[in-house]
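Below: one structure, written as structure tokens.
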Ligand code: 5RP
């Protein structure tokens, strides 16, 4: 029992000062529970509702591809510039320092390698996501892929059940089968399906007409960078995505395969959080790369 002697009389009632109801800046996330919002607010800067996510989960399907051979050497030094790290539990436990002050979007499904057909068919156990303190869980959804569409939608659905139970947001990642046309019509379908099935964030690809993709998706969209292109083009991609309504990027190869990854991630960050135009961001990249 607390000591009741000399107990301070209550008087700081703030009468006349109405309690503020603080809004939540992320699209479609206003009705989520506190834990969900708290995790989302670690990923998306509450000041602008945007995020620079650094993806390095490529090895779960590709092995030690260029730039992620040694994540301790290539990715860990970049963590201080990112808002969130997307990686697998294997890399998290073996390489990422638990003292790193960064929320983790955990790759939470698995199934195949690049040698076979796209077919993720296991998802993480709820306890595992909680154990590694995931700020979000990412699962792939293969809309339009006859073999795996139903399974991957079910994976998303199941992961959302886990997320809702433990307050962990889920990111639906739209995988595009080789036979799919990467146009706005396809991405509207894929992103909307992710959101309708409960994803709190959707990761997809930029395309012409992207503003119709973001406007018809009721939750925040982040874009993947895709295969390595010249730095100027990757900065332009980030700018266009933000301009067309994306809440950020979840970029991998265009950062860690850059000749100057630290300069690149800082320049992408300036596009996202400071509104730099592509030419300004490229100038920044060149200055930092000197
Ligand atoms: C694929 C992923 C990857 O993490 C993502 O696509 C990688 O980013 P980038 O394309 O920028 O290298 O989620 O399912």
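The values are calculated or read from the model by the stated rules, or taken from the named source; none is laboratory data. Not measured: the values here are computed from a predicted model. Every residue, glycine as well, gets a Cβ built from its backbone with ideal geometry; the counts of neighbours run over all protein chains shown.
When the stretch 249-290 is examined, which residues are found to be within 12 Å of the ligand (Cβ to nearest atom) and not in a helix (DSSP H, G or I)? Write out each step before concluding.
Start the filter on the stretch 249-290 by keeping residues that are within 12 Å of the ligand (Cβ to nearest atom), which leaves 249-258, 264-265, 268.
Those that are within 12 Å of the ligand (Cβ to nearest atom) and not in a helix (DSSP H, G or I): 249, 250, 251, 252, 257, 258.
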Which of the residues belonging to the stretch 134-160 are over 21 Å from residue 224 (Cα atoms) and without any contact (Cβ under 8 Å) to a residue 24 or more places away in the chain? 146, 150, 154
Pairs please, first residue from the stretch 27-49 and within 14 Å of residue 218 (Cβ to Cβ), second anywhere and modelled with pLDDT of 95 or more and part of a loop (DSSP other than H, G, I, E, B), Cβ atoms under 6 Å, 6+ apart in sequence or on different chains. 27/220; 28/218; 28/219
Tally, over the stretch 161-207, of residues that are assigned to a loop (DSSP other than H, G, I, E, B) and more than 23 Å from residue 57 (Cβ to Cβ): 3
Please work out which one of (1) closer than 22 Å to residue 29 by Cβ; (2) within 16 Å of the ligand (Cβ to nearest atom); (3) surrounded by fewer than 21 Cβ atoms within 10 Å (Cβ to Cβ) is the condition residue 205 fails and give its number. (1)
Residues of the stretch 166-202 being within 15 Å of the ligand (Cβ to nearest atom) and modelled with pLDDT under 95, which ones? 175, 176, 177, 178, 180, 182
Any residue in the stretch 10-25 that's closer than 30 Å to residue 50 by Cα: show its pairings with residues that are modelled with pLDDT of 90 or more and assigned to a loop (DSSP other than H, G, I, E, B) at Cβ separation under 6 Å, as long as the two are six or more apart or on different chains. 24/30; 25/46; 25/49
When both residues are 6+ apart or on different chains and their Cβ atoms are under 9 Å apart, which pairs have a first residue that lies in the stretch 54-71 and is on the phi > 0 side of the Ramachandran plot, and a second that is assigned to a helix (DSSP H, G or I) and within 10 Å of the ligand (Cβ to nearest atom)? 67/253; 67/255; 67/256
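Filter the stretch 208-245 down to the residues that are outside any helix (DSSP H, G or I) and within 13 Å of the ligand (Cβ to nearest atom) and list them by number.
Restricting attention to the stretch 208-245, the residues satisfying the condition of being outside any helix (DSSP H, G or I) are 208-209, 216-230, 244-245.
The answer is 222, 223, 224, 225, 226, 227, 228, 229.
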